[in-house]
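One structure is given below, encoded as structure tokens.
Laboratory data are not the source of any read-out in this text; all were calculated from the coordinates shown. Predicted model only: the values in this text are computed from it and were never measured. Cβ: placed from backbone, ideal geometry, glycine included. Neighbour counts: every protein chain shown.
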Amino acid sequence: MATSDEIREALKGVIDPELGVNIVDLGLVYGVDVAPDGAIHVRMTVTSPACPMGQWLTKEVEKAVAAHALFAPSVKVEIVLDPPWEPSMMSDEAERILSGGRP
Amino acid sequence: MKLGRLPFLAAAFASLAIAAWAGLERIGFSLSGNVGFAHGPLMACAFLGTLIGVERAVARAQAWTWGSPLFGIAGSACLLGGAGHAATLLFLAQAVAFLAVTFDIARRWPSAHAFIAWLAALAWVIGNLLQAGDKPMWSLVWWWAAFLILTIASERLEMSRLRRLPEKATRLFGGLCGALIGGCLLCTATMSYRPLGAVLIGMAIWLGIYDIARRTVRLDGLPKFTAVCLLSGYAWLGTAGALLLAGGARAVAGPWYDASLHCVFLGFVMSMIFGHAPIILPAVLDQAIPFHRGLYLPLIVLHASLLVRVGADLLNAPVLKAWAGLGNVVAIALFIVFAAGGRLAQGIASGRASSASA
């Protein structure tokens, strides 16, 4: 059974198409829960609720999780908008690429 | 493939095709159809307005938000069917409905960029109010341009948060957006184009310095392509501003009008569309538009043909300008063909792979 850390690692394969940075490093993945029966629940957000990318991202995340956890009984990806995403949620790696490093 | 959305996008792209045909009619090609008059409203409202409306509706996933693009389609049908006044009322409804969508977004998730997106919608409403009041095109077209520029500006400001810009820089951009509205007011009320020109140059410089494209242009593949489209678009925005500064009141009609407006609508807006189609279309249509380097060719044709068009305008060479205009249309057609071609090739390749493994 896949662990939440393994799934989080797998989600680094989902890359924002404009930024070239993965969604984990962008700070979009709020939580990965694996239930005792193996059911997977990913809570994630988008940088802007006005952007139509949300549904596409959900599908990409579902595909990435399903590819990694072949025997999970269910995979649920939920977009949450609270708390709203903030740039401070980015990883140092993403900061390095996008803003030249933290001040 | 999200089938429900297909009619909206089909209508938007049909409007683009007819608007392009109308444009070619206007610059001197002998074409049948007599649709030249519809070029502006079809481009701004039926194509761009519908596309943007669809994007917001997909993002919000609430039935009422589809009202705006629906009005847009109805408007273009009336326009082409000869019911001009009904069309202007429907386009006005389209803009007002969109204003409600942006207001709703700004209310739920208040931010500087959400406010600017609402301001963009307001500019569109003002332009369409003038249109419904039968005001001349020169008095309203820069409001349409402001709608597009501010919509893009709000998205770029939102993305620029990733660069952790100083507060002052963000406030400066907000000020420029407000000044854009002021510039449009002056155009309509007093035929003064220089203030608007100065604002466009200011915005282009800000974007050229602070946009996240300055970072992503160093990457490869699609992020680089999108960034190249954005940065070259900013150069055209600045050029539009310079033309308005240089032309002054001459921008109300003729070659200065043509050059400055198409720097915005082709150089800036169409560049954005090229850069973002591979990103947004998968989200809206649930169909991947794989990036391939061939997409650079239509971008090059777009910029080269626009350069020739602006040169022809400044040199008062209408025949050269007409051929350049054809080049603009060819660039757009090439982009659609290359983008669809990439999707087709990907479909064939994955079909082969799955039959090989079967």
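Filter the range A:57-92 for residues that are part of a helix (DSSP H, G or I), within 14 Å of chain B (Cβ to nearest Cβ) and surrounded by fewer than 13 Cβ atoms within 10 Å (Cβ to Cβ) and give the result. Spell out how you get there, then give the answer.
Taking the range A:57-92 first, the residues part of a helix (DSSP H, G or I) are A:57-68, A:87-89, A:92.
Among the residues that remain, those that are also within 14 Å of chain B (Cβ to nearest Cβ) are: A:57-63, A:87-89, A:92.
Correct list: A:88, A:92.
Return yes or no: is residue B:139 touching a residue at least 12 places away in the same chain (Cβ under 8 Å), surrounded by fewer than 23 Cβ atoms within 10 Å (Cβ to Cβ) and not in a helix (DSSP H, G or I)? Criteria not met by residue B:139. When each of B:76, B:111 is tested for being over 20 Å from residue B:200 (Cβ atoms) and crowded, with 24+ Cβ neighbours inside 10 Å, the lone residue that passes is B:76.
Residues to consider are B:88, B:102; find the one that is within 21 Å of residue B:180 (Cα to Cα), assigned to a helix (DSSP H, G or I) and among the polar types (S, T, N, Q). Only one candidate passes the filter, namely B:102. For the criterion of being surrounded by 20 or more Cβ atoms within 10 Å (Cβ to Cβ), more than 19 Å from residue B:3 (Cα to Cα), within 14 Å of chain A (Cβ to nearest Cβ) and not aliphatic (A, V, I, L, M), residue B:265 fails.
Within the range A:34-52, the residues that satisfy the criterion of being within 22 Å of residue B:278 (Cβ to Cβ) and hydroxyl-bearing (Ser, Thr, Tyr) are A:47, A:48. Given the criteria aliphatic (A, V, I, L, M), within 17 Å of the chain's Cα centre (by Cα) and surrounded by fewer than 20 Cβ atoms within 10 Å (Cβ to Cβ), does residue B:17 qualify? For residue B:17, the condition - aliphatic (A, V, I, L, M), within 17 Å of the chain's Cα centre (by Cα) and surrounded by fewer than 20 Cβ atoms within 10 Å (Cβ to Cβ) - is met.
Is it the case that some residue within the range B:55-62 is among the aliphatic types (A, V, I, L, M), in contact (Cβ under 8 Å) with a residue 60 or more places away in the chain, part of a helix (DSSP H, G or I) and within 22 Å of residue B:149 (Cα to Cα)? So far as the range B:55-62 goes, yes, one or more of its residues are among the aliphatic types (A, V, I, L, M), in contact (Cβ under 8 Å) with a residue 60 or more places away in the chain, part of a helix (DSSP H, G or I) and within 22 Å of residue B:149 (Cα to Cα).
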